[in-house]
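Below: one structure, written as structure tokens.
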Amino acid sequence: MQREELVKALSPDTDPAPYFDLADKVRRETVGDGVHLRGLVEFSNYCSRRCYYCGIRAGNPKVRRYRLTPEEILACARTAVQLNYKTVVMQSGEDPYLSARSLAAIVERVKTETGLAITLSVGEHSAEDYRMLRAAGADRFLLRFETSDRKLFTMLKPDSDYDNRFRCLAWLKDAGFQVGSGVMAGLPGQSLESLADDLLLFKRLDLDMVGIGPFIANPDTPLAGAVSGTLDAALRMVALTRILTKNAHIPATTAMGSIDPQGRQKALRCGANVLMPNISPTEHRVDYSLYPGKICTGEAPEQCAGCVDAMLGALGRERAEGFGHSMKTV
Ligand code: 5AD
Ligand code: FES
């Protein structure tokens, strides 16, 4: 698909049904009916950056900051094992207190003691630090580029450099990580053309995983009062990502479930093959409020496990076997 056709497919005036159906078919044929469950631990909400969209941005006085201890992170990973998840995703803000060295020590313990596949989502670091984290036992890394539009990126991420973001993605690949990236759909000022460019970039970067969610305006950020993205736009992006990348792992994201109670289910029916149930300690969940209305903040890990299994049952899908590593390397 060329840029022009992608723009047309993304346009609200175009019926998305044929794209959704094709994406569902490609998903079934390339990655099957299995859905990989990745347990998400939000282990620190400290962040040194001030991204305009994000609730845990530095300087937001409303955030009650927390940082899990290595023991607490390990306990979450053990919960993941108990719930029969095969991957733990360790996500945090860009916490200046946590050096790559201390993070690597935690990764090593989690790996040795649980044997889980480990995904990190901890932002921008040096090539050397990425290599250290990979050597410590982390298998995958998520770093969304958020938007391919340089101007929009620079406006929304005043502390970040557009080129460095992509340098990081290259370093991660060089370090041997399975690499995930992604974007938000419906950012203020984001055009259909730039979303089409996001899709083409997913393909060009040959990503192992692609995460997409609607932008949800957060009242405690500079984008308070902005118009949020729609589920429809995010679903079109998911479907087109599936059609373009064929076998990338694509999650039905929490943000989709947060703007629509059926959001994740709909995503699973138009290309998605991954769910990331929250396994963070319930007491801290409300403090990881990237956007308002985030689901699962009152639930315990077991409740989310029950919820996603019921969801899969209702959709006629099943938990996938195995770690759910990249389909690109096999
Ligand atoms: N709305 C939707 N998604 C958001 N994220 C951060 N803030 C918001 C928001 N207000 C997403 C970003 C980030 C991921 C962890 O959460 O894409 O990469
Ligand atoms: Fe958490 Fe449904 S996944 S309650």
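Every residue, every condition in (1) surrounded by fewer than 17 Cβ atoms within 10 Å (Cβ to Cβ); (2) touching a Cys at 6+ places or on another chain (Cβ under 7 Å), yes or no:
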| position | (1), (2) |
| --- | --- |
| Leu290 | no, yes |
| Cys296 | no, yes |
| Ala310 | yes, no |
| Gly313 | yes, no |
| Arg319 | yes, no |
| His325 | no, no |
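Selection within the range 211-252: residues that are within 16 Å of ligand 2 (Cβ to nearest atom) and in contact with a helix residue (DSSP H, G or I) (Cβ under 7 Å, 6 or more places away or on another chain). The member of this set that is nearest to Tyr52 (Cα to Cα) is Gly213.
Select from the range 287-313 the residues that are without any contact (Cβ under 8 Å) to a residue 12 or more places away in the chain and more than 11 Å from ligand 2 (Cβ to nearest atom) and list them in ascending order.
If we filter the range 287-313 for residues that are without any contact (Cβ under 8 Å) to a residue 12 or more places away in the chain, which is where we start, we get 303, 306, 309-310, 313.
Scanning the range 287-313 gives a single hit, Gly313.
Kindly evaluate Asp95 against the criterion of being in contact with a Gly (Cβ under 8 Å, 6 or more places away or on another chain) and of a type in the set (Asp, Glu). Talk me through it step by step, then tell me what you get.
Values: in contact with a Gly (Cβ under 8 Å, 6 or more places away or on another chain): no; of a type in the set (Asp, Glu): yes.
Answer is no for this residue.
A single entry from Gly39, Gly59, Gly34 fulfils the requirement of being within 25 Å of Leu83 (Cα to Cα), of a type in the set (Gly, Ala, Ser) and more than 16 Å from ligand 2 (Cβ to nearest atom): Gly34.
Would the range 73-81 turn up any residue that is at pLDDT 95 or above, in contact with a His (Cβ under 6 Å, 6 or more places away or on another chain), buried (at least 17 other Cβ atoms within 10 Å of the Cβ) and under 24 Å from Lys111 (Cα atoms)? No, there is no match, as no residue in the range 73-81 is at pLDDT 95 or above, in contact with a His (Cβ under 6 Å, 6 or more places away or on another chain), buried (at least 17 other Cβ atoms within 10 Å of the Cβ) and under 24 Å from Lys111 (Cα atoms).
From the list Gly55, Gly32, exactly one residue is of a type in the set (Gly, Ala, Ser), out of contact with any Gly (no Cβ under 9 Å at 6 or more places or on another chain) and at positive phi. Which is it? Working first, answer last.
On the way: Gly55 fails: at positive phi.
After ruling out the rest, the residue left standing is Gly32.
Within the range 235-249, residues that are of a type in the set (Ser, Thr, Tyr) reach partners that are assigned to a helix (DSSP H, G or I) with beta carbons closer than 8 Å, at six or more positions or on different chains, in the pairs Thr241/Leu199; Thr241/Phe202; Thr245/Phe202; Thr245/Lys203.
Considering each of Met256, Met276, Met237 in turn, give the residue that is under 24 Å from Leu74 (Cα atoms) and surrounded by 17 or more Cβ atoms within 10 Å (Cβ to Cβ). Even if it seems obvious, please write down each step before you answer.
Values: Met256 fails: under 24 Å from Leu74 (Cα atoms); Met237 fails: under 24 Å from Leu74 (Cα atoms).
Criteria check complete, one pass: Met276.
Taking the criterion of being out of contact with any helix residue (DSSP H, G or I) (no Cβ under 6 Å at 6 or more places or on another chain), surrounded by fewer than 23 Cβ atoms within 10 Å (Cβ to Cβ) and not in a loop (DSSP other than H, G, I, E, B), the residues of the range 131-142 that qualify are Arg131, Arg134, Ala135. Which residues, taken from the range 143-181, are under 18 Å from the mean Cα position of the chain (by Cα), under 22 Å from Leu195 (Cβ atoms) and part of a loop (DSSP other than H, G, I, E, B)? Result: Leu143, Arg144, Phe145, Thr147, Ser148, Lys157.
The values are calculated or read from the model by the stated rules, or taken from the named source; none is laboratory data. Note that the structure is a prediction, hence the values are computed from the model and not measured. In this analysis, Cβ positions are derived from the backbone assuming ideal geometry, glycine residues included, and neighbour counts consider all displayed protein chains.
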